[in-house]
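Colleague: Here's a structure for you.
Here, each number is a calculation from the coordinates, and none is a lab measurement. The model shown is predicted, which means the values in this text are computed figures rather than measured ones. Using ideal geometry, Cβ is built from the backbone for each residue, glycine included, and neighbour counts are taken over all protein chains shown.
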Amino acid sequence: MRNCIEDGCDRPHRAKGRCHVHYERWRNQRPDGPRCQAPGCERPAVAFGWCMRDYQRMRINGTLERKRRSFDYQAQRAILANLRAGMTLSDAARAAGWDARSVRSMVSHGRRGNQPTLVEFARQVDVLLVARARPRGKRREVKGLSEQGRRFLAELDRETDVSLRRNPERQPWTYSLGGNGTSARLA
């Protein structure tokens, strides 16, 4: 088997007489190769005349401009309002115009404390979801909740009871507690 043609390299060749590392370096840096058609971009073209970055921007956004939304206070409030209205986290995120996976990731970052701006948001999401997951009729103590969280749950229970008395035909919904197939119902 032939070795790489680059000086000092004894790896087996892959293409054009070069090993994998040197072939990729040659392919990405060759001056005669096709370049991205975006104005001011000198990266090598990989798809339809675009570099990978610009191709993904065109595919997702339809434009070369970088679109990045910040998960600000208004977005958090919209998702929390949808959760309070009885939606699941995925539905609440979609209704607020966000990808469900992104919101779950942000809640996870907030739980771990990686991003201080998301810690309070994650706590409020957890309080709402724990309140829903509790079986009706059983007012058991939720471990690890602060006094403020317990008061919030008690207030949520009172509001739910009042809402049910006003509208007895309200449809129950289920909230999945995870991938283990368990769910809780709230009437």
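Colleague: First check a/c for region 78-125, with a ≥ b ≥ c the square roots of the eigenvalues of its C-alpha gyration tensor; if it is under 1.5, answer rounded, and if not, answer prolate when a/b is larger than b/c or oblate otherwise.
Modeller: Details: a/c = 2.46, a/b = 1.63, b/c = 1.51.
Prolate, because a/c is 1.5 or more and a/b exceeds b/c.
Colleague: Turning to a different aspect of this structure: Tell me, what HN-Hα J-couplings in whole Hz come from the Karplus equation 6.51 cos²θ - 1.76 cosθ + 1.60 at θ = phi - 60° for each residue of region 9-14, using x for Gly and Pro?
Modeller: 10, 10, 6, x, 6, 10
Colleague: Return the FRET efficiency for the residue pair His20, Arg151: r is the Cβ-Cβ distance, R0 is 45 Å, and the value is rounded to the nearest 0.05.
Modeller: After rounding to 0.05, the efficiency reads 0.15.
Colleague: Sorted from fewest to most neighbouring beta carbons within 10 Å, what does the list Glu6, Glu120 look like? Don't skip to the answer; put the middle values down first.
Modeller: Working: Glu6 17, Glu120 12.
Arranged by neighbour count, lowest to highest, Glu6, Glu120 become Glu120, Glu6.
Colleague: What spacing in nm lies between the two simple spin-label points modelled at Asp10 and Leu64, each 7 Å away from Cα in the Cβ direction?
Modeller: In this crude label model, Asp10 to Leu64 measures out at 4.7 nm.
Colleague: In nm, what is the difference between 0.36 nm times the number of residues separating Ala100 and Arg35 and their Cα-Cα distance?
Modeller: In short, 19.8 nm is gained.
Colleague: Here's something else I'd like to know. Please arrange Trp50, Trp26 by how many other C-beta atoms lie within 10 Å of their C-beta, fewest to most.
Modeller: Working: Trp50 20, Trp26 15.
So the residues, fewest neighbours to most, are Trp26, Trp50.
Colleague: Something else about it: Which of Tyr55, Tyr73 has the fewest other C-beta atoms within 10 Å, and how do the rest follow up to the most?
Modeller: On the way: Tyr55 17, Tyr73 11.
Listed from fewest to most nearby Cβ atoms, that is Tyr73, Tyr55.
Colleague: Fully extended, how many nm does the chain gain between Arg27 and Leu129 (0.36 nm per residue separation, minus their Cα-Cα distance)?
Modeller: 31.6 nm is the gain from fully extending Arg27 to Leu129.
Colleague: Ratio of region 20-61's C-alpha Rg to 2.2 N^0.38 Å, to two decimals? Mind dumping the intermediate values first?
Modeller: Details: Rg = 10.9 Å, N = 42, 2.2 N^0.38 = 9.1 Å.
Compared with the compact-globule rule of thumb, region 20-61 sits at 1.20.
Colleague: Hey, got a sec? Which GluC sites (Glu not before Pro) in region 19-81 land in a DSSP loop and have at most 16 other Cβ atoms within 10 Å?
Modeller: Filter output for region 19-81: Glu42, Glu65.
Colleague: A further question on this structure: Can you give the extra length, in nm with one decimal, that the chain gains between Val46 and Arg77 once fully stretched, where that is 0.36 nm per residue apart less the Cα-Cα distance? The partial results should precede the final answer.
Modeller: Working: separation 31, 0.36 × 31 = 11.16 nm, distance 4.09 nm.
Contour length minus the Cα-Cα distance gives 7.1 nm.
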